[in-house]
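Undergrad: Take this structure, written in structure tokens, and hold onto it; I'll ask about it next.
Read-outs: derived from the displayed coordinates by stated rules, not from any lab. Note that this is a predicted model, so its numbers are computed, not measured. In this analysis, Cβ positions are derived from the backbone assuming ideal geometry, glycine residues included, and neighbour counts consider all displayed protein chains.
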Amino acid sequence: MNKKLILQAIGKFLLGLLLVGALLFVPAGSLRFWQGWLFLGILFIPMFGAGIVLMVKNPELLKKRLDAKEEQSEQKAVLALSAVMFPAAFIVAGLNFRFSRLVLPHWAVYIAAGVFLLAYALYAEVLRENTYLSRTVEVQENQEVIDTGLYGIVRHPMYLSTVLLFLSMPLVLGSVISFVIMLAYIPIIAKRIRNEEAVLEKELPGYAAYKQRVKYKVIPFIW
């Protein structure tokens, strides 16, 4: 195994865990923020398992997922907006718990957790189907158009999974206000998709024809 890749993956995992935990529990002012613990569990436990699977079965894909140096200027703007949206939603969720403002009932939190886990499973299936996935907009050497499985239904099933993940996330945390903040993800991802498709249509042979066959970008019959 690649020791450097293992250390990189573990480092980013621990950094993410500590950062998200701080953004949730410091504003909450208490470790009794049970929705925060639930969220950390359903986010990081599957992430850890998926990382081990990728490390063993497809280390190259794991490396691509860890490398996030975006070259497209439009995508840099998208990443900057996301870097504001996520911390804001987490901080507000913590404050929401502290001051008990518009807190969702337990049953709604558990349903949101179920949606989150289903979206995680969808994300895992997308990674299985498309080994060309990276966190940056690019066309890789020898890349081919994937048009089977989920890619035969919508052109961007990965973004379908992330929409479900990110919109269920604030509901798991019990915060309606954080949910409103996370709605900003929809125009952010729409901008990313427009730029990504322009790059793919220009540089990936067969992508223009694929767009004609598969009409919907993210949600069947809607978007």
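Undergrad: Name the residue from ILE189, SER161, LEU24 whose Cα lies farthest towards the positive end of the charge dipole of the chain, charges +1 on Cβ of Lys and Arg and -1 on Cβ of Asp and Glu.
TA: Going by the charge dipole, the pick is LEU24.
Undergrad: What Rg and what Dmax come out for the chain when only alpha-carbon atoms are used, in angstroms?
TA: Considering the chain through its Cα atoms, Rg and Dmax are 18.2, 54 Å.
Undergrad: With an 8 Å Cα cut-off and a minimum separation of 6 or more residues, compute the relative contact order for the chain in percent.
TA: Worked out over the chain, it gives 27 percent.
Undergrad: If you build the convex hull over the alpha carbons only and average its shadow over all orientations, what do you get for the range 1-59? Give it in nm² to one decimal.
TA: The Cα convex hull of the range 1-59, projected and averaged over all directions, gives 4.0 nm².
Undergrad: Please get the size of the charge dipole for the range 3-213, origin at its Cα centre, with Cβ charges of +1 on Lys and Arg and -1 on Asp and Glu, quoted in debye to the nearest 20.
TA: For this selection, approximately 620 debye.
Undergrad: In the chain, if the dipole is taken from +1 on Lys/Arg beta carbons and -1 on Asp/Glu beta carbons about the Cα centre, which of PHE116, VAL176, ALA209 is farthest to the positive end?
TA: VAL176
Undergrad: With the cut-off at 27 Å, tell me which of the pairs LYS12/LYS57; LYS3/LYS57; LYS63/LYS202; LYS12/LYS211 have Cα atoms farther apart than that.
TA: Over 27 Å Cα-Cα: LYS12/LYS211.
Undergrad: Let me ask another. Quick check on the chain: helices-only [θ] at 222 nm, where DSSP H runs of length 4 and up contribute -39,500 (n - 2.57) each and the sum goes over total residues. Nearest 500, please.
TA: -24000 deg cm²/dmol
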